[in-house]
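These notes concern the structure reproduced below.
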Amino acid sequence: MAILLMGHPNVGKSAVFNRLTGANITESNYPGTTVDFTEGYTYIDGKEYKVIDVPGTFSTDPKDEAEKVALDILAEHEDPIVLVVIDSTKIERGLYLAFEIMERGYKVMIALNMWDDAEKHDLSIDVDQLEEILGVPVVPTVAISGKGISTLVENVPTASRVDIERLREKITSL
């Protein structure tokens, strides 16, 4: 089983990757490109997961080579868990990508990374309500310090597909 770390560039995907894998990594170029991705392994509840730090992307409509590679990696993995890493200070931007991935039917969970920065800026995010609305695990993290990573790991088995119609109804009723 694979866990794909997806999100915008510079949201801390690599820091989350290092925490999940203990930095036991292999860096590779995607075939036919100069775009790098990083691959490693972790064990959760005795089960081995391949973890891939996917190149940063802003949407599922690729605008450059790195974004195309990100979508190719997503398409190549059968039934992966997509861990969408979002900068907590720019949550609305990150949720757009998460929604696009959910629409494609993947199992999703969300790491609200850089949680300490959101707190410094007095941003209030109701994680429980967001999790209820989205229907997927949402975990605040500070990957560089390791805060929230154990909770993230505990929630990997609960990553889920989203009923998009139900989600749209919930959002429009807010």
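For the stretch 76-147, report the % of Cα-Cα distances exceeding 18 Å.
In whole percent, the long-distance tail amounts to 37.
Please list, in order, the residues from the stretch 37-57 whose amide nitrogen is less than 12 Å from a point placed 7 Å along the Cα→Cβ vector of ALA75.
Under 12 Å, as judged by backbone N against the label point of ALA75, lies no residue of the stretch 37-57.
Could you grab the relative contact order for the chain? Cα pairs under 8 Å, six or more apart, rounded to a whole percent.
22
May I have the count of lysine pairs in the stretch 34-170 with C-alpha atoms under 27 Å apart, counting pairs 8 or more residues apart or located on different chains?
17
Just checking my list (i) 11, 38, 31, 14, 4, 1; (ii) 10, 41, 37, 11, 1; (iii) 9, 38, 39, 12, 1, 0 against P(r) over Cα pairs in 10 Å bins from 0, in percent computed from this structure; which label fits?
(ii)
When the helix-only estimate is applied to the chain (DSSP H runs of n ≥ 4, each -39,500 (n - 2.57), divided by the residue count), what is the mean residue ellipticity at 222 nm, nearest 500 deg cm²/dmol?
One gets -10500 deg cm²/dmol as the mean residue ellipticity at 222 nm.
No lab work stands behind these numbers, since they all come straight from the coordinates. Note that the structure is a prediction, hence the values are computed from the model and not measured. Here the Cβ is made from the backbone with ideal geometry for all residues, glycine too, and neighbour counts use every protein chain on show.
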